[in-house]
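A quick write-up on the structure given underneath.
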Amino acid sequence: MFSVVKLGVERKPDTALLIVAHGSTVNPDSSAPTLAHAAEIRRRKIFADVECAFWKEEPSLRDAIFLFDPKSIREVYVVPNFISEGYFTQTVVPRELELNGRITKRSNGQIWKYCEPVGNNAAMTELLLRRAGEIAPGVDPGETSLLIVAHGTDLNENSAVAAKREAEKIRALGKYADVLNVYMEEAPLVSDWRKLTKTRHVVVVPFFISDGLHSYEDIPVLLGIAPRHSERRGAKSRNPVALPHASITGSLDFARDDVQANRKEIFRRNPYDIDDHSLFYAPSIGTDAGFADIIIDQALNAKS
C-alpha cells in the first residue's frame, strides 16, 4: 500500500492541520477530494484537529484564522492542496490567512507554519506511476506513452513546472516508452497527442487536484474521446461518450447526481480505440487516496 508516512507517527495533541484548497461555486466535485483526505487524516488522530478552508467555498480562507481555539491549539500547520507554486499559494493564501512567511506568530500566541503545496512532495512521482498502472492493467509500459496533463498558462510559468518536473523524473526511470508533459493552453498541447506519441498504447493522467470540467469535459474533448458541446445535441462525434444534460424529471438534486454519474463514465470506458491507438484515461491525480499521506508528510516535514 502506498504510504510516505512512517508507522507510529507521534501524535501532536496541541497541533492542528489546516488543508487549504481552491474550491468552486459551480462544481461540487472540486472540494470533494480535499474533504475526503481531511476525513482520512482526522481518522488517524495524528493532529488534535483537522479542518479545511477554501478560496471559493465555505469555510473561507479568511474565516479559517478563527477555526482553532488558541487555548488548546498552539500550532497550526497549513498545507496547500495545490499542484504547484503560483498565484494562490504565493499571494492569495498568505494574504487571506494573514501569514508573513513560513512561520507566523499570532497575537494570541499560536504559531502557524505554512507548508509547501502537495505537488512539491517527492512521492508525487510514485503516485503518478501507480495511477498510470491502475488505469491500464496488463499493458506493457515499455510499449506505452504516458502523458501527464496540466493546465498551462501564459500568465504564470509555474503552472507548467510541476508537470514538466514529474515527466522528467518518470522519464529518467526508463519504465515507459515515452513520458510527455502536455498542456491544455500551451505547447506541447494535449490535443496534439496523436502527433506526439508513437506507441499504440497511450495512458493519460490529469495532473489536477480534483475532477471537474477540465477532466470531465475539456480534456476528453481535446483527446477526441468526447464530443464538443455543439455536437452533443446534433451531429455524432467520431468517438462519442454519453455526457448528457440533466432532464428535469425529478428533483434538482437527483438531476445533478445523474449528471455527475454520467460524467464519471468517461473514466470507466477504457480503453478508447482511436485511429491506431488504444488510449487509457485516468481520473485526476488529486483524487487518489494516497494524497492523505502526502498532506501529512508536507506538514510533518514543514520547513522553518
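The values are calculated or read from the model by the stated rules, or taken from the named source; none is laboratory data. Computed from a predicted structure; not experimentally measured. Here the Cβ positions follow ideal geometry from the backbone for every residue, glycine too, while neighbour counts run over all protein chains shown. Note: accessible area is taken over every heavy atom of the protein model, side chains too, but ligands, DNA and RNA are not part of it. Shrake-Rupley method; radii C 1.70, N 1.55, O 1.52, S 1.80 Å.
Structural remarks
- Number of residues in the range 102-128 that are part of a loop (DSSP other than H, G, I, E, B) and either farther than 30 Å from residue 205 by Cα or not hydrophobic (A, V, I, L, M, F, W, C) (or both) equals 9.
- From the options 95, 131, residue that is part of a helix (DSSP H, G or I) and in contact with a strand residue (DSSP E or B) (Cβ under 7 Å, 6 or more places away or on another chain): 131
- Count - residues of the range 21-42 that are out of contact with any strand residue (DSSP E or B) (no Cβ under 9 Å at 6 or more places or on another chain) and of a type outside the set (A, V, I, L, M): 5
- Those residues of the range 174-187 which are aliphatic (A, V, I, L, M) and touching a residue at least 12 places away in the same chain (Cβ under 8 Å), in sequence order: 177, 179, 180, 182, 184
- Some residue of the range 66-86 being at pLDDT 95 or above, closer than 23 Å to residue 289 by Cβ, exposed (fewer than 15 other Cβ atoms within 10 Å of the Cβ) and not small (Gly, Ala, Ser): no
- Restricting the range 27-65 to residues that are assigned to a loop (DSSP other than H, G, I, E, B), touching a residue at least 24 places away in the same chain (Cβ under 8 Å) and open to solvent by 50 Å² or more (accessible area, probe 1.4 Å) leaves a set whose member that is farthest from residue 78 (Cα to Cα) is 28.
- Failed item in (1) under 20 Å from residue 273 (Cβ atoms); (2) at pLDDT below 95; (3) not basic (Lys, Arg), with residue 213 passing the rest: (1)
- Residue in the range 104-116 that is closer than 16 Å to residue 18 by Cα, in contact (Cβ under 8 Å) with a residue 60 or more places away in the chain, open to solvent by 30 Å² or more (accessible area, probe 1.4 Å) and among the hydrophobic types (A, V, I, L, M, F, W, C) present: no
- Selection status of residue 146, in contact (Cβ under 8 Å) with a residue 60 or more places away in the chain and closer than 18 Å to residue 204 by Cβ: no
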